[in-house]
Structure formats: C-alpha cells, structure tokens
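The block underneath contains the structure these notes are about, expressed in structure tokens.
The values are calculated or read from the model by the stated rules, or taken from the named source; none is laboratory data. Remember, predicted model here, so these are calculated numbers, not experimental data. Backbone-built Cβ (ideal geometry, glycine too); neighbour counts: all protein chains shown.
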Amino acid sequence: MADEKMTKLRLMAFRRANNRCEWAGCNKSSQLQLAHIHGKGMGGNEKRKYDPENVAVLCMYHHDIYDGRQYQGSKYELRMLLTAYLKGKWNESGREDTGSN
C-alpha cells in the first residue's frame, strides 16, 4: 500500500514538473529525484511523506545542495533560488521588477 501511494505521488509530482527540475532557473530533465521539502522525520511522518505540496522534483545536483550533501557551487545556486523567489514575491505584490540584482 505504501509503495502504491509513493508511486502515485511520484507520478503526480513529475507531471506537475513536466519532467524537469523544479529548482528556479534549472531546466534539467535527467537524474531527477523526488525531494521532500520538510523532512519525513524519524519513523516517517505519513502526512508529510505523501503530501504533494511537500515534494519537489529536483535534479541530483540540486537535491544534493538542498539536503546539504553538496557545497561546491551551492552559494551561487542558493542566491539564484532566493532571487527568483523574491522576484516572484515582488511581482505578486504588484510592484514593478526593476531587473537589478
């Protein structure tokens, strides 16, 4: 039963991501993995484990950065992720994007 739930979650997430890495600015379509945004916790929190809003499709490189297994290039990648997020917030609030970094 658990494997069936995970298969459905994985299919839903990959469909949402169009089989691409969901990290801002990345468009890789190979070495994709399902990453949990909030950890499942010891013993596996069932609600978080199968929550589609708690997963992201990431390429192996960005999954390693997110989980803290990769530090090479991570400062640049995290800066790009934060910049994309903040630009989205500015656009949502109705303010103009000046295009400056």
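Checked across segment 51-71, the condition of being hydroxyl-bearing (Ser, Thr, Tyr), closer than 25 Å to Lys5 by Cα and modelled with pLDDT under 90 holds for at least one residue. Looking across segment 29-50 at every residue that is surrounded by fewer than 16 Cβ atoms within 10 Å (Cβ to Cβ) and of a type in the set (D, E, K, R), the one that is modelled with the highest pLDDT is identified as Lys47.
To keep it simple, each residue is scored yes or no on (1) without any contact (Cβ under 8 Å) to a residue 24 or more places away in the chain; (2) within 19 Å of Met12 (Cβ to Cβ); (3) hydrophobic (A, V, I, L, M, F, W, C).
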| residue | (1), (2), (3) |
| --- | --- |
| Arg48 | yes, yes, no |
| Ala56 | no, yes, yes |
| Arg69 | yes, no, no |
| Gly73 | yes, no, no |
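Test Lys8 against the criterion of being of a type outside the set (Asp, Glu), over 24 Å from Thr83 (Cα atoms) and either modelled with pLDDT of 90 or more or assigned to a loop (DSSP other than H, G, I, E, B) (or both), and give yes or no. It is true that Lys8 is of a type outside the set (Asp, Glu), over 24 Å from Thr83 (Cα atoms) and either modelled with pLDDT of 90 or more or assigned to a loop (DSSP other than H, G, I, E, B) (or both). Would you check if Glu53 is acidic (Asp, Glu), part of a loop (DSSP other than H, G, I, E, B) and out of contact with any Pro (no Cβ under 9 Å at 6 or more places or on another chain)? It is false that Glu53 is acidic (Asp, Glu), part of a loop (DSSP other than H, G, I, E, B) and out of contact with any Pro (no Cβ under 9 Å at 6 or more places or on another chain). On the given criteria, is Tyr71 part of a loop (DSSP other than H, G, I, E, B) and loosely packed, with under 15 Cβ neighbours inside 10 Å? For Tyr71, the condition - part of a loop (DSSP other than H, G, I, E, B) and loosely packed, with under 15 Cβ neighbours inside 10 Å - is met. Here segment 46-87 is the region considered, the condition is being among the hydrophobic types (A, V, I, L, M, F, W, C) and touching a strand residue (DSSP E or B) at 6+ places or on another chain (Cβ under 9 Å), and the residue that is farthest from Ala17 (Cα to Cα) is Ile65.
For segment 6-18, the count of residues that are in contact with a His (Cβ under 6 Å, 6 or more places away or on another chain), among the aromatic types (Phe, Trp, Tyr) and surrounded by 13 or more Cβ atoms within 10 Å (Cβ to Cβ) is zero.
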